[in-house]
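**Student:** So that we are looking at the same thing, I have put the structure below in structure tokens.
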Amino acid sequence: MTQRVGLCSRSLCDPTVVAAVRDAGLTMAFHVYTPHEAVSACRSHRPEIMLLNSLAGAELAPYREANPRMKIVLLMDSPDFHTAREARWQGAAEVLLLPDDLPRLPLLLRQLAEGSITPVREVGGNKLTLVCAPKGGCGTSVVAAGLALALAPDAALVDLNLTYGGADTLLDLRPDRSVLDLAPLAAELEERHLLQAVTAHSSGLAVLCAPASGLPGDHLGVSEAKAILQVCRRQWGHVVVDLPGASVELLSALSRLADHVLMVTTPDPVAMRPIHRLLRGGGLPLLPQVGLVVNRWTPRSPFRASEVAERLQLPLIAEIPDDPQLALQVALGEAFVPADRKRPGRAATAILRLADTLSPRPQTGRRGA
């Protein structure tokens, strides 16, 4: 039986949305323009899938009450992470940005109809965190390495910045192998291959370093990166990924696997603008796990961290102050997040707080670096 689709929208993209429903081989049950009409139509027509424009209202509870088994897709005309997060928390199957995501819509509808949609992220269990900045120089690698240290020993740091990766330098390591060595084995990758490629830090942190060659031609495909991270996730309780900002394809694909996606910026317009462009261009999916880390903040910064988050329309996850002590420790290759959590510097304190936010510690036991 052909599944039926409802649409509540008053958008310029509506004709192409209706065409996408037909391309997917589904039936258009109704097209209404107000939330009141949509809830009534859901109750009477009982479509299997509901397409809801965010301008028509993103409160999903009335639709759930009208038709509890219905799958809801929120259609957004502009990036709004707060609305997208709220829709996800209320159980939306997907959030799409129009017109950028229109090419995805027919396949998404077929997957929803077949029940073959993969969850955006796994609930519970081991955690995957991406750390990324579209502009270099924001301290992404320091944040990623510090977070991984704070989560050690049951943690791994994966440096996917193949050309300019610096995890080995930050942690004073001399790796024999790199993450790139696992690429040929991606289709049949096992934990034993992984353990042969990692370099152990004195904290117990496992590190998959970038290749020492740092050649511009070094490349890791999306499928290879996914395979490596999935095996890492089975092996360690926390996997932190230092992701190159220029790789929009990797960011878009891996964001859907992650429990947390941390966009790092400094509180100045030069660093903020690339994130704004990334959001506007659709390179970063509208996912509830995306948050902002404002790094190297000082009282003399042009914007407070809360103002940066407000301007970028991203939830503020952490604010890391500028700290000369951390800069010196990084230069000396020292573990800048102390294992015993005693006398941490200002930046290390903020990183430890970030780790506890993403993965609260149990009341007993100790997590160190």
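**Student:** Looking at the stretch 131-242, send over the antiparallel percent of its DSSP beta bridges, to the nearest 5.
**Tutor:** So the antiparallel bridges amount to about 20 percent of the total.
**Student:** Multiply the residue gap between Leu173 and His45 by 0.36 nm, knock off their C-alpha separation, and tell me the result in nm, one decimal place.
**Tutor:** Contour length minus Cα-Cα distance gives 39.8 nm.
**Student:** Ser359's amide H: which non-local residues (gap 5+, or another chain) put their own amide H closer than 5 Å, with H modeled 1.01 Å from N in plane and none for Pro or chain starts?
**Tutor:** none
**Student:** Something else about it: When the convex hull of the Cα atoms of the chain is projected onto a plane and the area is averaged over all directions, what value comes out in nm²?
**Tutor:** Projected area, direction-averaged: 20.0 nm².
**Student:** Under a 5 Å amide H to amide H cut-off, with H placed in plane at 1.01 Å, what residues pair with Gly221 once short-range neighbours are removed?
**Tutor:** none
**Student:** Would you mind computing, in nm to one decimal, how far apart the modelled labels at Glu114 and Lys226 are, each placed 7 Å from Cα along Cα→Cβ?
**Tutor:** Distance between the two pseudo-spin positions: 1.4 nm.
**Student:** Tell me, what ³J(HN,Hα) does each residue in the stretch 330-344 have, in order and in whole Hz, if you take phi through Karplus 6.51 cos²θ - 1.76 cosθ + 1.60 with θ = phi - 60° and put x for Gly and Pro?
**Tutor:** Rounded to whole hertz, the list is 4, 4, 8, x, 8, 6, 7, 10, x, 4, 8, 6, 9, 6, x.
**Student:** Under 14 Å Cα-Cα from Lys127, which aspartates and glutamates qualify once same-chain neighbours fewer than 8 residues away are excluded?
**Tutor:** Straight-distance partners of Lys127: Asp154, Asp259, Asp356.
**Student:** Same structure again: Of the DSSP beta bridges with both residues in the chain, give the percent that are antiparallel, rounding to the nearest 5.
**Tutor:** Close to 5 percent.
**Student:** Nearest-5 percent of antiparallel DSSP beta bridges in the stretch 4-114?
**Tutor:** Within the stretch 4-114, antiparallel bridges account for around 0 percent of the total.
**Student:** For the stretch 35-97, I need the span (max minus min coordinate) of the C-alpha atoms along each principal axis, in Å, sorted largest to smallest.
**Tutor:** Ordered largest first, the stretch 35-97 gives principal extents of 32, 19, 15 Å.
**Student:** Can you give the Kirkwood hydrodynamic radius of the stretch 232-310 from its Cα pairs, in Å with one decimal?
**Tutor:** Evaluated on the stretch 232-310, it is 13.8 Å.
**Student:** So for each of 235-245, 180-190 I average, over its residues, the number of other beta carbons within 10 Å; can you give me the resulting order with the highest mean first?
**Tutor:** 235-245, 180-190
**Student:** Just to be sure I understand the model, the point goes 7 Å from the Cα along the line to the Cβ. What's the resulting Glu307 to Glu37 distance in nm?
**Tutor:** 4.4
**Student:** Need one word for the stretch 82-223: rounded, prolate or oblate. Basis is the Cα gyration tensor (sqrt eigenvalues a ≥ b ≥ c); a/c below 1.5 gives rounded, then a/b vs b/c decides.
**Tutor:** Prolate shape, in that a/c is at least 1.5 and a/b is the bigger ratio.
**Student:** Assuming a ≥ b ≥ c are the square roots of the Cα gyration tensor eigenvalues, decide whether the stretch 4-114 counts as rounded (a/c under 1.5), prolate (otherwise, with a/b larger than b/c) or oblate.
**Tutor:** Rounded shape, in that the Cα axes give a/c under 1.5.
**Student:** Once amide H atoms are built 1.01 Å from N in the peptide plane, which residues 5 or more positions from Lys71, or in another chain, come under 5 Å H to H?
**Tutor:** Ile49, Met50
**Student:** What ranking do 299-306, 346-353 get when scored by the average of other Cβ atoms within 10 Å per residue, highest first?
**Tutor:** Highest to lowest by the protection proxy: 346-353, 299-306.
**Student:** Pairing the Cα long axis of helix 14-23 with the longest principal axis of the chain, what angle in degrees results, from 0 to 90 and rounded to the nearest 10?
**Tutor:** Roughly 90 degrees between the two axes.
**Student:** Separate question: According to the square roots a ≥ b ≥ c of the eigenvalues of the Cα gyration tensor, what is the shape class of the stretch 195-262, taking rounded for a/c under 1.5, prolate for a/b larger than b/c otherwise, and oblate for the remainder?
**Tutor:** It comes out oblate by the Cα gyration axes.
Each reported figure results from applying straightforward, stated rules to the coordinates on display, with no laboratory input. Since the model is a prediction, treat every value here as computed from it, not as a measurement. Glycine also receives a Cβ, built like all others from the backbone with ideal geometry; neighbour counts cover every protein chain displayed.
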